[in-house]
Amino acid sequence: MKQIDVIVAGAGIWGCTVARVLADAGRSVLVLDRRSAAGGNVRCETDSETGIEIHTYGSHIFHTHLDDVWTFVRRFTEFNGYQHKVLARHAGHTYFLPLGLTLVNQFYGLDLTPSELPAFIAAEVAKCPHEPRATDHEPRNFEEQAISFIGRPLYEAFISGYTRKQWGTDPRNLPASIIRRLPVRASYDVNYFSDTRQGIPLRGYNALFDALLDHPSISLELNTDWLSWRETPAGAALAHVPVFYSGPIDALFGYRFGPLPWRSLRFERERVAVQDFQGTSVVNYTDADVPYTRIHEFKHYHPEDAAVMSAPSTVICREYPLTWKPGDEPYYPVDVPAARELLALYQAESAKSPRVVVGGRLGAYKYFDMDRSIGNALETARSFLQENS
Ligand SMILES: Cc1cc2nc3c(=O)[nH]c(=O)nc-3n(C[C@H](O)[C@H](O)[C@H](O)COP(=O)(O)OP(=O)(O)OC[C@H]3O[C@@H](n4cnc5c(N)ncnc54)[C@H](O)[C@@H]3O)c2cc1C
């Protein structure tokens, strides 16, 4: 049997990064994933009719200001320079997000300059004291917090309905802590992310994962759930080997303290017989009476691909938030005190078995952008190498 130095359970971007760093350092790595392909939630499909790259688990745009991550990821792919812009549909009109001069001027029918905007927003906020006013003047929930940043009209048009759909509850039931900042840009910059390094892998996300795992010291076994595989003779024979696990932390302990709550999503995909459906990659639907939150149109992620852009049809996808139940795909951790308490119990269990390093978005029970996932994986793998040199 081939020698295995390390097991990586989960071939998402976190696991693949760990695997590559360890393989580059001379370790022989066995990567297991319970799905039939590597890539985790960043995995894409290609539409057979149009060649469009479809982001199976929702739109993924790479963006970062982390030098180390940028240097690492560009060893495996070039980026196409796509710059993300998001539009919002509200009451029959289309606006440019994020909140900034473009949106505010259009929404209020004004022509504010950058220096006039902060005072205008402050006056809007002053018109709408919290209702009912908290005695300590501290916003007590999501709604009060958001209104304290942007005032009620903008909140109701662009935040309230979207948030209600996203979290399946009245925003007044959500903690203020979800929304720590709601900046209003005093400029006409409608670039959604402030990171200058952004884009989509030129040959697609799947090619990025192929390149990450393309190393003679990495072997990949798909359709293999490590939690059950470790009980098999093959797994038992490697019971001494360090494991980097990026599955759900509660599953690792058989949901001993109960399942951690998640928010899930349902994607409804449609091929439409028009060259261009909405003129951009993502439109948010902010009104509560539209049941979906966003429509994605994937061809716009590859403006450099003339064949895809000129294809006579397009693929769109409506995104519907869902109440999660065990067995559903987990998308967003639910940041409520009960979940934090549960997580602390699982983390305490995990600390007792240092042979299994738990990470990634499911292991940390935390939303991470891809660059943060890679950054955390680089750090985790490098400190393992330092401790085990
Ligand atoms: C809707 C949505 C949109 C997003 N958009 C962006 C974006 O635009 N830009 C951005 O930077 N980030 C985005 N993200 C974040 C991005 O998806 C994450 O950063 C990334 O998926 C984290 O990778 P991961 O490896 O930690 O987890 P995952 O991608 O979930 O990978 C975990 C892997 O582990 C496997 N696994 C689980 N349990 C086991 C087990 N027991 N045995 C074997 N394998 C197992 C799973 O099958 C999976 O392949 C988005 C996230 C969501 C929810």
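Kindly evaluate His84 against the criterion of being under 18 Å from Pro330 (Cα atoms), within 13 Å of the ligand (Cβ to nearest atom) and part of a loop (DSSP other than H, G, I, E, B).
Judged against the criteria, His84 is not a match.
Hey, which of the strands (runs of 3 or more DSSP E) in the range 5-72, taking only ones fully inside, have at least 1 residues that are over 17 Å from the mean Cα position of the chain (by Cα) and within 14 Å of the ligand (Cβ to nearest atom)?
On the way: elements: 6-9, 29-32, 44-46, 53-55, 62-64.
Counting at least 1 such residues, we get 6-9, 29-32, 53-55.
Mind counting the residues in the range 260-298 that are farther than 27 Å from Ser160 by Cβ and surrounded by fewer than 16 Cβ atoms within 10 Å (Cβ to Cβ)?
The qualifying residues number 8.
Residues are listed down the side, and each one gets a yes or a no for (1) under 28 Å from Lys165 (Cβ atoms); (2) surrounded by fewer than 16 Cβ atoms within 10 Å (Cβ to Cβ):
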residue	(1), (2)
Val315	yes, no
Lys325	yes, yes
Glu329	yes, yes
Leu378	no, no
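Checking Thr94 against (1) surrounded by 16 or more Cβ atoms within 10 Å (Cβ to Cβ); (2) outside any loop (DSSP other than H, G, I, E, B); (3) among the β-branched types (Val, Ile, Thr): exactly one of these is not met. Which one?
(1)
Among the residues of the range 68-78, is there at least one that is surrounded by fewer than 23 Cβ atoms within 10 Å (Cβ to Cβ), at pLDDT below 95 and outside the structural domain of Tyr367 (by TED's automatic domain parsing)?
no
This table checks each residue for (1) over 17 Å from Phe368 (Cα atoms); (2) touching a Cys at 6+ places or on another chain (Cβ under 9 Å).
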site: Gly58; (1), (2): no, yes
site: Thr64; (1), (2): no, no
site: Val69; (1), (2): no, no
site: Arg75; (1), (2): yes, no
site: His84; (1), (2): yes, no
site: Leu87; (1), (2): yes, no
site: His90; (1), (2): yes, no
site: Leu112; (1), (2): yes, no
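Report the residue count in the range 326-367 for those that are without any contact (Cβ under 8 Å) to a residue 60 or more places away in the chain and within 11 Å of the ligand (Cβ to nearest atom).
Counting residues in the range 326-367 that are without any contact (Cβ under 8 Å) to a residue 60 or more places away in the chain and within 11 Å of the ligand (Cβ to nearest atom) gives 2.
If only one of Tyr162, Tyr245 is in contact with a Ser or Thr (Cβ under 8 Å, 6 or more places away or on another chain), at pLDDT 95 or above and buried (at least 18 other Cβ atoms within 10 Å of the Cβ), which one is it? Give the steps one after another, and end with the answer.
On the way: Tyr245 fails: in contact with a Ser or Thr (Cβ under 8 Å, 6 or more places away or on another chain).
Criteria check complete, one pass: Tyr162.
At least 2 residues that are away from the ligand (no atom under 12 Å from the Cβ) and not hydrophobic (A, V, I, L, M, F, W, C) in each: list the helices (runs of 4 or more DSSP H) lying fully within the range 204-276 that qualify. Give the derivation first.
Details: elements: 205-213, 226-229, 233-237, 249-252.
In the range 204-276, 205-213 are the helices (runs of 4 or more DSSP H) which contain 2 or more residues that are away from the ligand (no atom under 12 Å from the Cβ) and not hydrophobic (A, V, I, L, M, F, W, C).
Regarding Asp210, is this residue at pLDDT 95 or above, under 21 Å from the mean Cα position of the chain (by Cα) and among the acidic types (Asp, Glu)?
yes
Could you list all residues from the range 368-389 that are within 14 Å of the chain's Cα centre (by Cα) and at pLDDT 95 or above?
Asp369, Met370, Asp371, Arg372, Ser373, Ile374
The values are calculated or read from the model by the stated rules, or taken from the named source; none is laboratory data. These figures come from a predicted structure and were not determined experimentally. Backbone-built Cβ (ideal geometry, glycine too); neighbour counts: all protein chains shown.
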